[in-house]
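The values are calculated or read from the model by the stated rules, or taken from the named source; none is laboratory data. Given the structure is predicted, the values throughout are model-derived calculations rather than measurements. Heads up, the Cβs are rebuilt from the backbone with ideal geometry, glycines too, and the neighbour counts pull from every protein chain shown.
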């Protein structure tokens, strides 16, 4: 793999940037691999990368039915934070945030991780009590977090209406300075390139059509390009995980919903942090290109269509205009939807299944992007060792029968 | 944007009048006290979540405020039928999905004759 560097950029400029190496190969599938990862999004490609780099398993295939990072990796609003309430979730997301902090250097790919901070705004006394509780829990878990009053919020975000004239006046916020945003496509491409350099086969346009299961043990997958053998298969297919589970004869405690987002026309810099409000129910940041990146809640019905309803878009924009009246005349440029697999407790599933050797990493719902490196790392460890990583263990599918749920509806809050 | 036929009001109304309420036809265990953790967890949390034909409950929240059922394709979003609580769907995964099925009223009784359907 040619390393990227400032010097390389200058060197390639001399040849008019026509001699850049391809970022990853396009191999034909082998008959068998040590590990198969289904799903070529950030979590899946990251899993392959950490398997190769940290656990020495390089005979790995990533099977993707479309193109890399074409699902929720490309459809999210790129927010990264770790201020979750419960110990289990805080450990998982903080593990991820720590990996984010070194990711660009690690994979030699600029993922444009920008720690511009995230505000979770409170508008009611109960909001503020919840925020204080969560900030205290965060600090006990070593997650940077602080409580701001309305004046503190106004100083950070001058464009926001923090006056008493607002319909839901801002009373304060929790503030995580180490949180921020990253470039979503670069995460998928960067992991793909780095994994490919270790010899991982990335098989695009390859759709898994069934599992080969004999005597309760996984033996591989059927695909539209022939059968591929492996004794360990990790399924990382986000919104389609229910469909994959059904193929393996498993039932999942989750439902797939459309989640929409939209971006505005590019503006001059106006918002240099991320603002989220559970109560008014919307969140917003500004990308480096200048467009406002906006999102809110899921559409309530089940859907695999990667699109939702217009009333949801309307509610989203109402919330944004409520918080930022000055944005009322900004025009929206693009709007899209992804399929999110939501769990009843708003936490993911990282788990073994009843089929030996078949693992699922799914149920990230509305907040999977922030967890990409952490999820990939603990999942790779679990696949390599055959035992769930200690950080992943509490997220077993069994929790829905034992009752040990991790209720993160408060911290997951507004979808993101 | 859905245009939904409420089987109680006997009218097509816009999606914003309704709320989706999850998978339909999930029977509460007859004797919850004697359920195993497995059975109770399955009842509470596990769903079919199909890509394709899905039977789901909706409530006509700002209309008659009644719950009813919809058979809908979760991939194309086409609404195939709506029917009242207690009734069974006429379109299931086993029946071949008709290409063009209008939201035919399952009852022809005018809304006025039904008790308690007016908002």
Original post:
Got at least one residue in the stretch A:397-406 being touching a helix residue (DSSP H, G or I) at 6+ places or on another chain (Cβ under 7 Å), away from every other protein chain (no Cβ under 14 Å), surrounded by fewer than 24 Cβ atoms within 10 Å (Cβ to Cβ) and assigned to a helix (DSSP H, G or I)?
Top reply: no
**OP:** Confirm whether residue A:175 is within 15 Å of the chain's Cα centre (by Cα) and buried (at least 22 other Cβ atoms within 10 Å of the Cβ).
**Re:** no
Original post:
Among A:104, A:114, A:96, which is under 25 Å from residue A:275 (Cα atoms) and out of contact with any helix residue (DSSP H, G or I) (no Cβ under 9 Å at 6 or more places or on another chain)?
Top reply: A:114
Original post:
Is at least one residue of the stretch A:324-343 on the phi > 0 side of the Ramachandran plot, within 13 Å of chain B (Cβ to nearest Cβ), outside any helix (DSSP H, G or I) and surrounded by fewer than 24 Cβ atoms within 10 Å (Cβ to Cβ)?
Top reply: no
**OP:** Take the residues in the stretch A:370-388 that are touching a strand residue (DSSP E or B) at 6+ places or on another chain (Cβ under 7 Å) and not in a loop (DSSP other than H, G, I, E, B), then tell me which one is surrounded by the most Cβ atoms within 10 Å (Cβ to Cβ).
**Re:** A:375
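Do we have any residue at all in the stretch A:215-227 that's within 24 Å of residue A:34 (Cα to Cα) and either in contact with a helix residue (DSSP H, G or I) (Cβ under 7 Å, 6 or more places away or on another chain) or within 13 Å of chain B (Cβ to nearest Cβ) (or both)? Show your work before the answer.
Initial filter on the stretch A:215-227 (within 24 Å of residue A:34 (Cα to Cα)): A:215-227.
With either in contact with a helix residue (DSSP H, G or I) (Cβ under 7 Å, 6 or more places away or on another chain) or within 13 Å of chain B (Cβ to nearest Cβ) (or both) added as a condition, the list becomes none.
No: the stretch A:215-227 contains no residue that is within 24 Å of residue A:34 (Cα to Cα) and either in contact with a helix residue (DSSP H, G or I) (Cβ under 7 Å, 6 or more places away or on another chain) or within 13 Å of chain B (Cβ to nearest Cβ) (or both).
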**OP:** Tell me which of these residue A:394 doesn't satisfy, since it passes every other one: (1) away from every other protein chain (no Cβ under 14 Å); (2) surrounded by 21 or more Cβ atoms within 10 Å (Cβ to Cβ); (3) under 20 Å from residue A:82 (Cα atoms).
**Re:** (2)
**OP:** Working only within the stretch A:86-100, note down all residues that are farther than 19 Å from residue A:46 by Cα and surrounded by fewer than 22 Cβ atoms within 10 Å (Cβ to Cβ).
**Re:** A:86, A:87, A:88
Original post:
So, of the residues in the stretch A:292-311 that are over 21 Å from residue B:24 (Cα atoms) and at pLDDT 95 or above, which turns out to be nearest to the other protein chains (Cβ to nearest Cβ)?
Top reply: A:294
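Can you find even one residue in the stretch A:267-280 that is within 14 Å of chain B (Cβ to nearest Cβ), free of Cβ contacts under 8 Å to residues at least 40 places away in the same chain and more than 19 Å from the chain's Cα centre (by Cα)?
The answer is no; no qualifying residue exists.
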**OP:** Take residue B:4 and decide whether it is within 15 Å of the chain's Cα centre (by Cα), within 25 Å of residue A:307 (Cα to Cα) and without any contact (Cβ under 8 Å) to a residue 40 or more places away in the chain.
**Re:** no
Original post:
Quick one: would you say residue A:143 is buried (at least 20 other Cβ atoms within 10 Å of the Cβ) and not in a helix (DSSP H, G or I)?
Top reply: yes
Original post:
Of the residues A:110, A:136, A:120, which single one is surrounded by 23 or more Cβ atoms within 10 Å (Cβ to Cβ) and either free of Cβ contacts under 8 Å to residues at least 40 places away in the same chain or not in a helix (DSSP H, G or I) (or both)?
Top reply: A:120
Original post:
Hey, any hits in the stretch B:72-83 for a residue that's within 14 Å of another protein chain (Cβ to nearest Cβ) and on the phi > 0 side of the Ramachandran plot?
Top reply: yes
**OP:** Restricting attention to the stretch A:249-266, report how many residues are closer than 21 Å to residue B:56 by Cα, buried (at least 21 other Cβ atoms within 10 Å of the Cβ) and within 14 Å of chain B (Cβ to nearest Cβ).
**Re:** 7
Original post:
Since residue A:353 meets every condition but one in (1) surrounded by fewer than 24 Cβ atoms within 10 Å (Cβ to Cβ); (2) more than 14 Å from chain B (Cβ to nearest Cβ), which condition does it not meet?
Top reply: (2)
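Provide a single number: the residues in the stretch B:16-61 that are under 15 Å from residue A:402 (Cα atoms), part of a helix (DSSP H, G or I) and more than 7 Å from chain A (Cβ to nearest Cβ).
Result for the stretch B:16-61: 5.
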**OP:** Report whether or not residue B:92 is over 17 Å from residue A:242 (Cα atoms), free of Cβ contacts under 8 Å to residues at least 40 places away in the same chain, in contact with a strand residue (DSSP E or B) (Cβ under 8 Å, 6 or more places away or on another chain) and not in a loop (DSSP other than H, G, I, E, B).
**Re:** no
Original post:
Out of (1) over 30 Å from residue A:124 (Cβ atoms); (2) surrounded by 19 or more Cβ atoms within 10 Å (Cβ to Cβ), what's the single condition that is false for residue A:246?
Top reply: (2)
Original post:
Counting only residues that are over 15 Å from residue A:357 (Cβ atoms) and in a strand (DSSP E or B), how many does the stretch A:209-231 have?
Top reply: 6
